1. Check each of the GluC sites (Glu not before Pro) in region 112-208 and keep only those in coil by DSSP with at most 12 other C-beta atoms within 10 angstrom; list them in order.
2. By Kyte-Doolittle mean hydropathy of at least 0.5 and Cα axial length of at least 18 Å, which whole DSSP H helices of the chain are selected?
3. Any chance you could check the Cα centroid distance between region 57-71 and region 131-174 for me, in angstrom?
4. I'd like the antiparallel share, as a percent to the nearest 5, of DSSP beta bridges with both residues in region 12-162.
5. Straight-line reach only, C-alpha to C-alpha below 25 angstrom: list the lysines that LYS152 could link to, leaving out same-chain residues fewer than 8 apart.
6. Provide ILE105, ILE208 ordered by accessible surface of protein heavy atoms (probe 1.4 Å), highest first.
7. Chymotrypsin sites (Phe, Trp or Tyr not before Pro), restricted to region 113-153: which are DSSP loop and have at most 16 other Cβ atoms within 10 Å?
8. Taking only protein heavy atoms into account and a 1.4 Å probe, give the accessible area per residue of the chain in Å².
Amino acid sequence: MQVAFECDCGKVKGSVESKGLKGYRAVCLCDDCQAYAHYLKRADTLDANGGTDIIPMMPAKMKITEGMEQMKSIRLYRAGMFRCYAECCKTPIGNAMASVKMPYIGMPARVFEKKNSAKGVDDIFGPVTERMQARFAKGELPPLAQGKVSFKFMIKVVKFMLTAKFSGAGSPSPFFTSEGNPTLEPYVLTKEERESLRPLCGSLRTDI
Ligand SMILES: [Zn+2]
Ligand SMILES: [Zn+2]
């Protein structure tokens, strides 16, 4: 089924085909995802632990139908993920892997909630299966916390990307041209910019 998403102000709209996407949802607590939210001044998109609730998407299943001209992208590092957001209201929309050969876009669950409610998102994509990179979590450790990434989840992601590749859902991607170049020229953060964001993120903890 087609599931609608949009940015907070509604200028960017799109939809995804949800078939086969249940069971992959996970919260990422890594300091890069936290730094990204702080860069956009959207710490309000993070949960109490600094986590981002992510729904993995096969690139060809994601369509941006309105507001592509609002979309911008950054990379925290020169070879980092393409973190794509709506410039109009600084809403994170999707994180694409650095290479077009890795067919995966992580979409924040919250962009689906406006049109489908939180309960609707749970029904469509299933509950959060893991809270990864909890070594950077703030506060008390949440349930399903993993210090890094569980082996089980890694296997799942490999299966996800192989399925995308061999089912043809790996391309086209809204974030790559057919030649494999990014559709949105990314801004790469300077070391100073990156480092200025770190104190806002959870620091490495030793209890996990
Ligand atoms: Zn917007
Ligand atoms: Zn992350």
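1. GLU140, GLU179
2. 151-167
3. The two parts, judged by their Cα centres, are 21 Å apart.
4. Here the antiparallel bridges make up roughly 90 percent for region 12-162.
5. Counting by Cα, and skipping residues close in sequence, LYS152 has these lysines nearby: LYS19, LYS22, LYS61, LYS101, LYS138, LYS165.
6. The most accessible residue leads, giving ILE208, ILE105.
7. none
8. Accessible area per residue: 48 Å².
The values are calculated or read from the model by the stated rules, or taken from the named source; none is laboratory data. The structure displayed is predicted, hence computed values, not measured ones. Note that we place each Cβ from the backbone using ideal geometry, even for glycine, and neighbour counts take in every protein chain shown. When the accessible area is computed, the model is the full protein with side chains, heavy atoms only, and any ligands, DNA or RNA have been set aside. Shrake-Rupley method; radii C 1.70, N 1.55, O 1.52, S 1.80 Å.
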